[in-house]
Amino acid sequence: MEPLVQLRDVTHAYLGDREASLAIENLNLEVRQGEFVSLVGPSGCGKTTLLSIIAGLLRPSRGEVRVDGKIISGPSPEVGYMLQQDYLFPWRTILDNALLGLELTGALTPEARDNVLELLKDMGLAGKEQAYPAQLSGGMRQRVALVRTLATDPDLLLLDEPFSALDYQIKLQLEDLVAETLRRRGKTAILVTHDLSEAIAVSGRVVVLQRNPGRIRKIFEVPAEIRDTPPLYARDLPGFAGLFHEVWKEMELAGRDDA
């Protein structure tokens, strides 16, 4: 079976007035259908640039990205993008915010609306449909943002540090909720995070990127025992600490300019 996501020799440079900065160079990666992959690495390794390229928000200087066999040349409803900030419109109700993507793509049908209501229920937001963003906690707002992202039924979800601004307890709860929701719905996801513990707990693979320019340093396969355990409890498994230290060591090496 062909991978859902294929990155082939992806290179990207940012051009300034006097010089060019090479952000990513010759990066190749494949992600299978239903897989959850995390990208980690030091600042400046191109993690967010890479997500923007996969989302079609940036065109790579060289190379190509395919999702479900199609070359990505711009934003597509097949790719959902969830950011650190929820970007909910304060004047719209929670339900109306969650329906926004369907409205913009002309796909708001009674069946799609019912699906969004079910998603809100799954996220513990039943009864909050007519509330406004200011009436919800940060964690609840991020749940709404996830529902909005899932509402258009994208093949691929891109998650750019969606939990990093939350309190630690809420962050752990949302990790569990999101991981279980994506697994149950058979979704493919790529997560960018600075939290190595989070990356290991929610992912099937952890990709360590090296900077100057950004490229893959090492890919870690997360053992099935950890991968199949809810993130909160995965951290307590015997092999978790050992894998964390292996990834941490590679992260330290990846942060050295001469590594």
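The values are calculated or read from the model by the stated rules, or taken from the named source; none is laboratory data. Please read these numbers as outputs of a predicted model, since none were measured by experiment. Quick reminder, even Gly has a Cβ in these numbers, built from the backbone with ideal geometry, and neighbours come from all protein chains shown. Heads up: the accessible areas ignore ligands, DNA and RNA and are worked out on the full protein's heavy atoms, side chains in. Shrake-Rupley method; radii C 1.70, N 1.55, O 1.52, S 1.80 Å.
Of all helices (runs of 4 or more DSSP H) completely enclosed by region 179-259, which ones contain at least 1 residues that are within 13 Å of E35 (Cα to Cα) and touching a Pro at 6+ places or on another chain (Cβ under 8 Å)? Spell out the reasoning first.
Numbers: elements: 196-202, 224-227, 231-234, 238-254.
Counting at least 1 such residues, we get 196-202.
Let me confirm something: among L108, L88, L146, which residue is more than 19 Å from A165 (Cα to Cα) and out of contact with any Asp or Glu (no Cβ under 6 Å at 6 or more places or on another chain)?
Numbers: L88 fails: more than 19 Å from A165 (Cα to Cα); L146 fails: more than 19 Å from A165 (Cα to Cα).
That would be L108, the only listed residue that is more than 19 Å from A165 (Cα to Cα) and out of contact with any Asp or Glu (no Cβ under 6 Å at 6 or more places or on another chain).
For L120, state whether it is assigned to a helix (DSSP H, G or I), buried (at least 18 other Cβ atoms within 10 Å of the Cβ), in contact (Cβ under 8 Å) with a residue 40 or more places away in the chain and in contact with a helix residue (DSSP H, G or I) (Cβ under 6 Å, 6 or more places away or on another chain).
Working: assigned to a helix (DSSP H, G or I): yes; buried (at least 18 other Cβ atoms within 10 Å of the Cβ): yes; in contact (Cβ under 8 Å) with a residue 40 or more places away in the chain: no; in contact with a helix residue (DSSP H, G or I) (Cβ under 6 Å, 6 or more places away or on another chain): yes.
Taking the combined requirement at face value, the residue does not satisfy it.
Taking the criterion of being part of a strand (DSSP E or B), in contact (Cβ under 8 Å) with a residue 40 or more places away in the chain and either among the small types (G, A, S) or in contact with a Lys or Arg (Cβ under 7 Å, 6 or more places away or on another chain) (or both), would at least one residue in region 29-38 satisfy it? Outline the logic, then answer.
So the first thing to find is which residues in region 29-38 are part of a strand (DSSP E or B), and the list is 29-31, 36-38.
Still in the running and in contact (Cβ under 8 Å) with a residue 40 or more places away in the chain: 29, 31, 36-38.
Checking which are either among the small types (G, A, S) or in contact with a Lys or Arg (Cβ under 7 Å, 6 or more places away or on another chain) (or both) leaves us with 37-38.
Yes, region 29-38 contains at least one residue that is part of a strand (DSSP E or B), in contact (Cβ under 8 Å) with a residue 40 or more places away in the chain and either among the small types (G, A, S) or in contact with a Lys or Arg (Cβ under 7 Å, 6 or more places away or on another chain) (or both).
Do any residues in region 48-66 that are modelled with pLDDT of 95 or more have Cβ atoms under 7 Å from those of residues that are in a helix (DSSP H, G or I) and surrounded by fewer than 18 Cβ atoms within 10 Å (Cβ to Cβ), where the two are at least six apart or on different chains, and which pairs are they?
none
Answer yes if at least one residue in region 126-137 is surrounded by 14 or more Cβ atoms within 10 Å (Cβ to Cβ), in a helix (DSSP H, G or I) and touching a Pro at 6+ places or on another chain (Cβ under 8 Å), and no otherwise.
Kept after step one, since they are surrounded by 14 or more Cβ atoms within 10 Å (Cβ to Cβ), are these residues of region 126-137: 128-129, 131-133, 136.
Next, from what is left, pick out any that are in a helix (DSSP H, G or I): 133.
Of the ones still in play, those that are also touching a Pro at 6+ places or on another chain (Cβ under 8 Å) are 133.
Yes: one or more hits.
Cβ-Cβ distance below 7 Å, separation of 6 or more or different chains: which pairs start in region 208-219 with a residue that is closer than 15 Å to L196 by Cα and β-branched (V, I, T) and end on one that is open to solvent by 10 Å² or more (accessible area, probe 1.4 Å) and in a strand (DSSP E or B)?
These pairs meet every condition: V208/R217; V208/K218; I219/R205.
Scan region 81-95 and report the pairs whose first residue is in contact (Cβ under 8 Å) with a residue 40 or more places away in the chain and whose second residue is hydroxyl-bearing (S, T, Y) and loosely packed, with under 14 Cβ neighbours inside 10 Å, with Cβ atoms within less than 8 Å and a gap of 6+ or a chain change.
Partner pairs satisfying both residue conditions: Q84/S164.
Can you report the number of residues in region 1-25 which are assigned to a strand (DSSP E or B), open to solvent by 70 Å² or more (accessible area, probe 1.4 Å) and closer than 17 Å to I71 by Cα?
Of the residues in that region, 2 qualify.
Say we look at region 161-197 and pick out the residues that are modelled with pLDDT of 90 or more and touching a Lys or Arg at 6+ places or on another chain (Cβ under 8 Å); which of these is nearest to P75 (Cα to Cα)? Spell out the reasoning first.
Applying the first criterion (modelled with pLDDT of 90 or more) to region 161-197 yields 187-197.
Subset that is touching a Lys or Arg at 6+ places or on another chain (Cβ under 8 Å): 188, 192, 197.
Working: T188: 17, V192: 19, S197: 31 Å.
Only one residue tops the list, namely T188.
Search region 198-245 for residues being buried (at least 19 other Cβ atoms within 10 Å of the Cβ) and of a type in the set (S, T, N, Q), and hand back the single one that is farthest from the chain's Cα centre (by Cα).
Among those residues, the one meeting the criterion is N212.
Would you point out the residue of region 83-112, among those that are more than 30 Å from H194 (Cβ to Cβ) and modelled with pLDDT of 95 or more, that is most open to solvent (accessible area, probe 1.4 Å)? Write out each step before concluding.
Step one: filter region 83-112 for residues more than 30 Å from H194 (Cβ to Cβ), giving 91-93, 95-96, 99, 102-112.
The next check asks that each one be modelled with pLDDT of 95 or more; those that pass are 91-93, 95-96, 99.
On the way: W91: 173, R92: 47, T93: 11, L95: 6, D96: 59, L99: 7 Å².
Out of the qualifying residues, it is W91.
If I filter region 46-66 for residues that are among the aliphatic types (A, V, I, L, M), on the phi < 0 side of the Ramachandran plot, in contact with a Ser or Thr (Cβ under 7 Å, 6 or more places away or on another chain) and in a strand (DSSP E or B), do I get at least one hit? Write out each step before concluding.
In the first step, residues of region 46-66 are kept if they are among the aliphatic types (A, V, I, L, M); the result is 50-51, 53-55, 57-58, 65.
Checking the rest, the ones that are also on the phi < 0 side of the Ramachandran plot come to 50-51, 53-55, 57-58, 65.
From what is left, the residues that are in contact with a Ser or Thr (Cβ under 7 Å, 6 or more places away or on another chain) are 58.
Okay, now just the ones that are also in a strand (DSSP E or B), so none.
Looking through region 46-66, none of the residues is among the aliphatic types (A, V, I, L, M), on the phi < 0 side of the Ramachandran plot, in contact with a Ser or Thr (Cβ under 7 Å, 6 or more places away or on another chain) and in a strand (DSSP E or B).
If we keep just the residues of region 77-110 that are under 20 Å from D122 (Cα atoms) and of a type in the set (D, E, K, R), which is farthest from the chain's Cα centre (by Cα)?
D96
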